[in-house]
Structure formats: structure tokens, C-alpha cells
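The values are calculated or read from the model by the stated rules, or taken from the named source; none is laboratory data. Source: prediction; values computed, not measured. Here the Cβ positions follow ideal geometry from the backbone for every residue, glycine too, while neighbour counts run over all protein chains shown.
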Amino acid sequence: MLVVLTGGFDRFTSAAELCSYAGLTPVIRQSGSRVKGRPRISKIGNQKLRNLLFMCSFNACKYNKACREVYERIVAKGKSKKLALIAVCYKLLKQAFAIAKSGLIYDKEYKSTLVRN
């Protein structure tokens, strides 16, 4: 279903583009120098894809180690569980994009070689 909703990932050059297409990117609503409310997901995108990812995020928190770590880290900061599930959706979509573009099979023990500051 994910391949169908994204068109085989061919239209996207980066995971950020794909997440924006799904409507999972944060949007800050402001007018001039005034910020109105807290950031929320844009919801401008493919609603079916977003709903599919949200439903998958529940199982991902149980069985996907990387997603579980993201979820637990965000909840430990005192954020809401729903916000943590949206972050898991973002993580799942990035994982699916990386697997589709690299052509490698999923490795649950994979660690990124990128150095984070």
C-alpha cells in the first residue's frame, strides 16, 4: 500500500520531500512577529498515507527498536503520546524511503555512520 500511495518513491529525491507530501512536517502559524499557537503538522498532503502511517506507528513502537527509542525519548521529555506517535510516523517513512532508494533489505541492527553534533 505504501508503494502505491507514494508512486514507488520515484517522485521524491529526499525523505524530507516524502514527509512533506505525507503532511507530517511541522508548520508554525505566525503573522508578522506574532506566533499564534504551537507548531502542528501541516496535514496538507496525502491523508490516506498519513492515516496508514499513524496506524502502523502503534505496531512500530512494539516491534521496531529505532521507533520505540524515538517514542520513549519523546514521552520521557513530557510530550504527549500522540506527538510521539507522529514522530514515529516520520521515522517509519524515512526508513521506508531509505530502504526503497538503497535497494538493501531492512537491518534492525543498522547504525548510521553519520556523525551528529
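Could you figure out which of (1) among the β-branched types (Val, Ile, Thr); (2) within 17 Å of ALA16 (Cα to Cα); (3) under 13 Å from the mean Cα position of the chain (by Cα) isn't true of ILE99?
(3)
Please specify each residue of the stretch 9-49 satisfying the condition of being closer than 18 Å to LYS82 by Cα, assigned to a loop (DSSP other than H, G, I, E, B) and touching a residue at least 60 places away in the same chain (Cβ under 8 Å).
Residue satisfying the conditions is LEU24 alone.
Pairs only if they're at least six apart or on different chains, beta carbon under 6 angstrom, first in the stretch 98-110 and under 17 Å from ALA15 (Cβ atoms), second among the hydrophobic types (A, V, I, L, M, F, W, C); list them, first residue then second.
Close Cβ pairs satisfying both conditions: ALA100/PHE9; TYR106/ILE99.
ALA60 passes all but one of (1) within 16 Å of the chain's Cα centre (by Cα); (2) exposed (fewer than 10 other Cβ atoms within 10 Å of the Cβ); which number fails?
(2)
Taking the stretch 69-83, which residues are under 13 Å from the mean Cα position of the chain (by Cα) and either in a loop (DSSP other than H, G, I, E, B) or at pLDDT 95 or above (or both)?
Of everything in the stretch 69-83, just one residue is under 13 Å from the mean Cα position of the chain (by Cα) and either in a loop (DSSP other than H, G, I, E, B) or at pLDDT 95 or above (or both), namely TYR71.
Being among the hydroxyl-bearing types (Ser, Thr, Tyr), farther than 16 Å from LEU2 by Cβ and modelled with pLDDT of 90 or more is the filter here; which residues of the stretch 30-67 pass it?
Let us first name the residues in the stretch 30-67 that are among the hydroxyl-bearing types (Ser, Thr, Tyr), namely 31, 33, 42, 57, 63.
With the extra rule that they be farther than 16 Å from LEU2 by Cβ, the set shrinks to 31, 33, 42, 63.
Of everything in the stretch 30-67, just one residue is among the hydroxyl-bearing types (Ser, Thr, Tyr), farther than 16 Å from LEU2 by Cβ and modelled with pLDDT of 90 or more, namely TYR63.
Answer yes or no as to whether PHE58 is within 22 Å of TYR110 (Cα to Cα) and either in contact with a Lys or Arg (Cβ under 7 Å, 6 or more places away or on another chain) or touching a residue at least 60 places away in the same chain (Cβ under 8 Å) (or both). Walk me through it before giving the result.
Working: within 22 Å of TYR110 (Cα to Cα): yes; either in contact with a Lys or Arg (Cβ under 7 Å, 6 or more places away or on another chain) or touching a residue at least 60 places away in the same chain (Cβ under 8 Å) (or both): no.
Answer is no for this residue.
From ALA84, ALA76, which residue is under 24 Å from GLU109 (Cα atoms) and surrounded by fewer than 12 Cβ atoms within 10 Å (Cβ to Cβ)?
Checking each option against the conditions leaves just ALA76.
Would it be correct to say that TYR71 is surrounded by fewer than 17 Cβ atoms within 10 Å (Cβ to Cβ), of a type in the set (Ser, Thr, Tyr) and under 21 Å from LEU18 (Cβ atoms)? Break it down into steps so the answer makes sense when it comes.
Values: surrounded by fewer than 17 Cβ atoms within 10 Å (Cβ to Cβ): no; of a type in the set (Ser, Thr, Tyr): yes; under 21 Å from LEU18 (Cβ atoms): yes.
No; evaluated as a whole, the condition is false for this residue.
Please enumerate the residues belonging to the stretch 17-29 that are surrounded by 11 or more Cβ atoms within 10 Å (Cβ to Cβ) and at pLDDT below 90.
The first filter runs over the stretch 17-29 and keeps only residues surrounded by 11 or more Cβ atoms within 10 Å (Cβ to Cβ), leaving 17-27, 29.
Answer for the stretch 17-29, where residues must be surrounded by 11 or more Cβ atoms within 10 Å (Cβ to Cβ) and at pLDDT below 90: THR25, PRO26, VAL27, ARG29.
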